[in-house]
Amino acid sequence: MITTERLRLRPLTEADTDWWVRLHEDPEINRFVGGYTREQAAARLRDIQEQWARRGHGLCAVELKDTGEAIGRSGLNWWQEFGETEAGWTLARAHWGQGYATEAARAVLAWGFGSLGLERITAMIHHGNTASATVARRLGFTPLREDTVLGRPCVVHALDRDDFPAA
């Protein structure tokens with residue numbers, strides 16, 4: 001578990017299926033990260049659990065420390081096809097603009113570069129997702145390349161351990 005001043009990040013499990021579906025139902029969220037049926041969500045969460053078991057990291061539910069309310073997801077995702085570990089963040093719209101994405105992602109990066117010893121972490125941001133691009137810049141990411149992720153064009157940003165101040 002990762003904690004920050006306001007947040008707690010805990011590994012996602014298949015028990016989070018219904019919440020995952022609700023998070024991704026919002027059209028402002030799923031336009032960049034896609035929507036899920038219950039079956040698709042359960043399969044994705046099983047994959048996340050397997051990644052935790054195999055690699056020792058994965059995606060987390062982001063919860064408000066004070067209330068325990070799950071407000072989004074953040075964490076590290078291994079992309080076999082790219083040979084890269086990506087930091088990601090997705091928050092429910094009601095919690096946008098409060099700095100939670102930056103706070104959660106900064107803690108994930110510190111964990112990845114610190115405890116996990118990663119040398120580089122990427123952030124794959126779909127075209128038009130200006131809010132995520134802003135978070136990436138705040139964290140020190142810089143554009144690395146154009147690519148296609150899940151069939152959609154994106155800009156892959158990168159951050160090296162030596163360029164992250166908290167590592």
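A few notes on this one:
- Residues considered: 106, 73. Of these, the only one that is farther than 21 Å from residue 150 by Cα, of a type in the set (Lys, Arg) and surrounded by 14 or more Cβ atoms within 10 Å (Cβ to Cβ) is 106.
Rundown of residues vs (1) surrounded by fewer than 22 Cβ atoms within 10 Å (Cβ to Cβ); (2) within 20 Å of residue 1 (Cα to Cα); (3) not β-branched (Val, Ile, Thr), yes/no style:
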| site | (1), (2), (3) |
| --- | --- |
| 79 | yes, no, yes |
| 85 | yes, yes, no |
| 89 | no, yes, yes |
| 94 | yes, no, yes |
| 129 | yes, no, yes |
| 134 | yes, no, no |
| 151 | yes, no, yes |
| 157 | no, no, yes |
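- Members of segment 140-167 that are in contact (Cβ under 8 Å) with a residue 12 or more places away in the chain and among the β-branched types (Val, Ile, Thr): 142, 149, 155, 156
- Search result, residues across segment 1-42 that are assigned to a helix (DSSP H, G or I), surrounded by fewer than 19 Cβ atoms within 10 Å (Cβ to Cβ) and in contact with a Leu (Cβ under 7 Å, 6 or more places away or on another chain): 14, 29
- Neighbours by Cβ (under 7 Å, 6+ apart or cross-chain): first from segment 43-70, touching a residue at least 12 places away in the same chain (Cβ under 8 Å); second aromatic (Phe, Trp, Tyr) and in a helix (DSSP H, G or I): 45/20; 58/52; 62/100; 70/19
- Residues in segment 30-58 that are among the basic types (Lys, Arg) and under 22 Å from residue 148 (Cα atoms) were compared, and the one that is modelled with the lowest pLDDT is 31.
- A single entry from 103, 63, 86 fulfils the requirement of being part of a helix (DSSP H, G or I), under 26 Å from residue 22 (Cα atoms), modelled with pLDDT of 95 or more and of a type in the set (Asp, Glu): 103.
- Criterion violated by residue 118 - all others in (1) among the aliphatic types (A, V, I, L, M); (2) under 24 Å from residue 34 (Cβ atoms); (3) touching a Gly at 6+ places or on another chain (Cβ under 6 Å) satisfied: (2)
- Top-ranked residue of segment 72-86 - restricted to ones that are touching a helix residue (DSSP H, G or I) at 6+ places or on another chain (Cβ under 9 Å) and in contact (Cβ under 8 Å) with a residue 40 or more places away in the chain, ranked as nearest to residue 26 (Cα to Cα): 72
- Hey, residue 67 of a type in the set (Ser, Thr, Tyr) and closer than 28 Å to residue 160 by Cα or not: no
- Residue match in segment 124-139 (condition: without any contact (Cβ under 8 Å) to a residue 24 or more places away in the chain, of a type outside the set (Phe, Trp, Tyr) and either part of a strand (DSSP E or B) or on the phi > 0 side of the Ramachandran plot (or both)): no
- Condition met for residue 79 (within 20 Å of residue 111 (Cα to Cα) and at pLDDT below 95): yes
- Residue 61 being among the small types (Gly, Ala, Ser), more than 19 Å from residue 160 (Cα to Cα) and buried (at least 20 other Cβ atoms within 10 Å of the Cβ): yes
The values are calculated or read from the model by the stated rules, or taken from the named source; none is laboratory data. Everything numeric in this text was worked out from a predicted model, so none of it was measured. Note: ideal-geometry Cβ built from the backbone for every residue, glycine included; neighbour counts use all protein chains shown.
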